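Presented below is the structure to which this report refers.
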Amino acid sequence: MDAQEVDRVTAQLASVYGQTIKVGKDGARCLVQIERVELYPGCQPPQTTMLIVLDPGHPKPQVFVTPGQQLANGRLPKNNSNILIAGQTWMQFSFNIPWSDGNNIMRLIAAARQRFAQNE
């Protein structure tokens, strides 16, 4: 992910989420925090704060949510763990979606949201 791709993805997020995002830097990484992302019915809580990490050293955006976010069945997603990013704790979880430069970031966010509708 090069600097132009980071700028493109950040602009997409700003156009969709507007003033509800915060953008910052952590070394070479660009951090985009979306204050409120709605999840599927049954998820607890029904919305989460989401962090998108755009790292020039990583081939695709990385997605993190508020720790403790539960699936629609009330369980935590498999293969989850907490990680410290820029002094704040975030939950990372197992999901995979193919990504190529030029993809729409909303597709990746939709896949992350869909992960919480699953029952494992």
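Just to be sure I understand, how many residues within segment 40-91 are touching a residue at least 24 places away in the same chain (Cβ under 8 Å) and not in a strand (DSSP E or B)?
23
Residue check, K25 against (1) in a strand (DSSP E or B); (2) within 15 Å of the chain's Cα centre (by Cα); (3) under 28 Å from G102 (Cα atoms), all met but one. Which one?
Evaluating K25 over (1) in a strand (DSSP E or B); (2) within 15 Å of the chain's Cα centre (by Cα); (3) under 28 Å from G102 (Cα atoms) leaves (2) as the failure.
From the set of residues in segment 13-22 that are of a type outside the set (F, W, Y) and assigned to a helix (DSSP H, G or I), which is nearest to P56 (Cα to Cα)? Before you say what the answer is, go through the steps one by one.
Here is the first cut: in segment 13-22, the ones of a type outside the set (F, W, Y) are 13-16, 18-22.
Checking the rest, the ones that are also assigned to a helix (DSSP H, G or I) come to 13-16, 18-20.
On the way: L13: 17, A14: 19, S15: 22, V16: 23, G18: 24, Q19: 25, T20: 24 Å.
By that ranking, first place goes to L13.
The rows are residues; the columns are (1) at pLDDT 95 or above; (2) more than 19 Å from Q33 (Cβ to Cβ); (3) over 12 Å from the mean Cα position of the chain (by Cα).
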| site | (1), (2), (3) |
| --- | --- |
| Q69 | no, no, yes |
| N79 | no, yes, yes |
| F93 | no, no, no |
| P98 | no, yes, yes |
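Could you list, in sequence order, the residues of segment 13-53 that are surrounded by 11 or more Cβ atoms within 10 Å (Cβ to Cβ), touching a helix residue (DSSP H, G or I) at 6+ places or on another chain (Cβ under 9 Å) and acidic (D, E)?
E35 - this is the single residue of segment 13-53 that is surrounded by 11 or more Cβ atoms within 10 Å (Cβ to Cβ), touching a helix residue (DSSP H, G or I) at 6+ places or on another chain (Cβ under 9 Å) and acidic (D, E).
Consider T10 carefully, then state whether it is farther than 16 Å from A110 by Cβ, of a type outside the set (K, R) and outside any strand (DSSP E or B). If you could, list the steps in order and put the result at the bottom.
Working: farther than 16 Å from A110 by Cβ: yes; of a type outside the set (K, R): yes; outside any strand (DSSP E or B): yes.
So T10 passes the test.
N103 - would you say it is open to solvent by 50 Å² or more (accessible area, probe 1.4 Å) and not charged (D, E, K, R)?
Values: open to solvent by 50 Å² or more (accessible area, probe 1.4 Å): no; not charged (D, E, K, R): yes.
No: the conditions fail for N103.
The values are calculated or read from the model by the stated rules, or taken from the named source; none is laboratory data. Model, not experiment: these values are computed from the prediction. Heads up, the Cβs are rebuilt from the backbone with ideal geometry, glycines too, and the neighbour counts pull from every protein chain shown. The accessibility values were calculated without ligands, DNA or RNA, using every heavy atom of the protein model including side chains. Shrake-Rupley method; radii C 1.70, N 1.55, O 1.52, S 1.80 Å.
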